[in-house]
Structure formats: C-alpha cells, structure tokens
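Chemist: Following this message is one structure expressed as structure tokens.
Read-outs: derived from the displayed coordinates by stated rules, not from any lab. These numbers were taken from a predicted model, which means no experiment stands behind them. Backbone-built Cβ (ideal geometry, glycine too); neighbour counts: all protein chains shown.
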Amino acid sequence: MKTPIFKIFAVVALITFSSCGDKAKEAETKEATEAAVAKVEAVAYTANTEKSMIEWTGYKPTGSHNGTIAIKDGKLKVNDNTVESGKFAIDMASIEVLDIPKEDEGNAKLAGHLMNADFFDVENHPVANFEVTGIETVDGKTMLSGNLTMKEKTNNISFPVTIEVNGDTLTLTSETFTIDRSKWNIEYGSKSFFDNLGDKFINDDIELKVTLVANKA
C-alpha cells in the first residue's frame, strides 16, 4: 500500500517532472524590453478576476498533476480587436492543486511548498506581473509578447494566443506553453544551479495556459 508523501522533494517532483513526449513548446524567452503603448483611440478593458486564471500542469514519468493560479487584476487597451498594451498581476498566494483532494495531506504539502522561500517565495514576492510589449502574427498565429516578472527577475516571453471580442467582453486565451523556471531564479533541485544531483533533480519546465476575460471599462 502506498504511504503518504513525507519528503518535500517528492511532493515538488509531482508537479515539476515533465515527460519528454508531453511537453508543450517553451515560450520564446529574451531579455526584458519596453512596454507597449496604445494609441489614444484604444478601448480600455478591465480584467474579470472571477473568470480569469492561469492553469498549470506538471508531469512525472507515471502521471501528472494540475491546478490554477488566480489573476489579481489587469487592464488591456484594444484597438480593432487587437491588444495594443496592457498588464495583469498574478496572485502567487492563490496557487491551488486541483487533482489531489483538498482533504488529502499531499494537497496542502504541494501547494505550501510552492509558496515557500525555496520556490516562489510568496511571502516576499506575493505578486508576479505580466506587461504587454507587443503582438504580431507569425506563421498564421497571433503571438503575444510581454515582460514576466517573478521574484524580482524579469524576462520577455512570447506565446500564441487567440482573442475574441463578444459585445463588451474580450477573452484572451493562450495555447499551452512552458517556461523555464531557472530563468527566474527558482533554484530548488535545478540542474541549472546545482551539480551532482543525480536522479534527484527537478525539471525546470512549468507548463501554463492563460485565460484572461476582460470587460469594457
């Protein structure tokens, strides 16, 4: 019979090990750049935080786990159904694990460790931020670029999105993509920072999907 998860490493491994075949494409990651500025005539939209979220999924060789992170607030400037500028804040203290029952000890251990100092360090960095730097069409896909700041480290990432405007509501949905956590100095169990880990390393990739619903201001 399986025993409860006692070691922090084992708990974290459940969400951060990625199997090779299932990994989503990594977002193009570059140095931070200047934020985009919208034209005067652009229409403002305010994030509906109850309907907006970031979904995460992590893999290990024998399975996967998933959950959500809430979007705290956000605004977009839109012109002719095109996002010209905007930003949103991510509430790192809202990390939830969905596939482990809340009453299971593993749920709290997993969510708690992600918030601890050796991972996202939520006590000192309660909010992550994404600020739009540009949007363009590449090979038929709409690519959204923006500066993602976590733990006081900022990188520019680009990933595919779809944008739908229905009346006074805009919905921006990304394709599933990955980021390399080591580029934001999230060091725990990473081969990017530590040698001689053997098979005790934690994969650097975190898989994400963004859904941002916003209403005309």
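Chemist: Within the stretch 98-170, list the trypsin sites (Lys or Arg not before Pro) lying in a DSSP loop whose Cβ has at most 10 other Cβ atoms in a 10 Å radius.
Modeler: 102
Chemist: With θ set to phi - 60°, apply the Karplus curve 6.51 cos²θ - 1.76 cosθ + 1.60 along the stretch 23-31 and write out the HN-Hα couplings as whole Hz, x wherever there is a Gly or Pro.
Modeler: 5, 6, 5, 6, 4, 4, 10, 9, 5
Chemist: Hey, another quick one. Whole-Hz Karplus ³J(HN,Hα) for the stretch 150-167, in order, using 6.51 cos²θ - 1.76 cosθ + 1.60 and θ = phi - 60°, x for Gly and Pro?
Modeler: In residue order, the calculated couplings are 9, 6, 6, 10, 10, 10, 8, 10, 10, 8, x, 9, 10, 10, 10, 10, 10, x Hz.
Chemist: Listed here are the pairs 23/151; 30/153; 23/153; which of them are more than 20 Å apart at the Cα?
Modeler: 23/151; 23/153
Chemist: Residues with amide H under 5 Å of residue 94's amide H, sequence separation 5 or more or different chain, H placed in the peptide plane at 1.01 Å from N; which?
Modeler: 70
Chemist: So, one more: At R0 = 22 Å, how high is the FRET efficiency between residue 23 and residue 50 if r is their beta carbon distance? Nearest 0.05 is fine.
Modeler: 0.10
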